[in-house]
1. List every residue pair whose Cβ atoms lie under 6 Å apart, where the two residues are 6 or more positions apart in sequence or sit on different chains, the first residue falls within the range 47-66 and is in contact (Cβ under 8 Å) with a residue 24 or more places away in the chain, and the second residue, located anywhere, is polar (S, T, N, Q) and assigned to a helix (DSSP H, G or I).
2. Is it the case that the range 33-47 has a residue that's at negative phi, surrounded by 13 or more Cβ atoms within 10 Å (Cβ to Cβ) and in contact with a Pro (Cβ under 7 Å, 6 or more places away or on another chain)?
3. Among (1) at pLDDT below 85; (2) over 31 Å from the mean Cα position of the chain (by Cα), which single condition is THR76 missing?
Amino acid sequence: MNTSNLFKLNFNDISKGLLMAVLLPVISIVQQSLSAGILVFDYKTMVTTAVGGLLAYLVKNFVTNSQGLPFAPEPTPDVPVVAAPITPVVAAPPAQVIAEVPVAPVAPTIN
């Protein structure tokens, strides 16, 4: 996400703020027209909504950091951790069978 740092604005913030200033009056016109039942163009409300939307968006972006957290300091970049080199694990050789001694079955003793 390409956003500005805390207490800074960039071109994207301003262009998106202007987009908000255009879209919010349109939404306001549609809402008022649906409520009144006819198409309503109240220029004072349109200008107030446009300026309010622009300022609200710019203030919101001005007080948030690049992660979108309000009044939070910028996160520090992650410092890579240098680990010890990995040594390959060598498996132990299989145990050698010296000799197999056959075991005779033991008969039970009766006392």
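1. Matching pairs, first to second residue: THR49/SER28.
2. The answer is yes, given that some residue of the range 33-47 is at negative phi, surrounded by 13 or more Cβ atoms within 10 Å (Cβ to Cβ) and in contact with a Pro (Cβ under 7 Å, 6 or more places away or on another chain).
3. Of everything listed in (1) at pLDDT below 85; (2) over 31 Å from the mean Cα position of the chain (by Cα), THR76 misses just condition (2).
The values are calculated or read from the model by the stated rules, or taken from the named source; none is laboratory data. The shown structure was predicted, so the numbers you read here are calculated from the model rather than taken from an experiment. Reconstructed Cβ throughout: ideal geometry from the backbone, glycine too, with neighbour counts over all protein chains shown.
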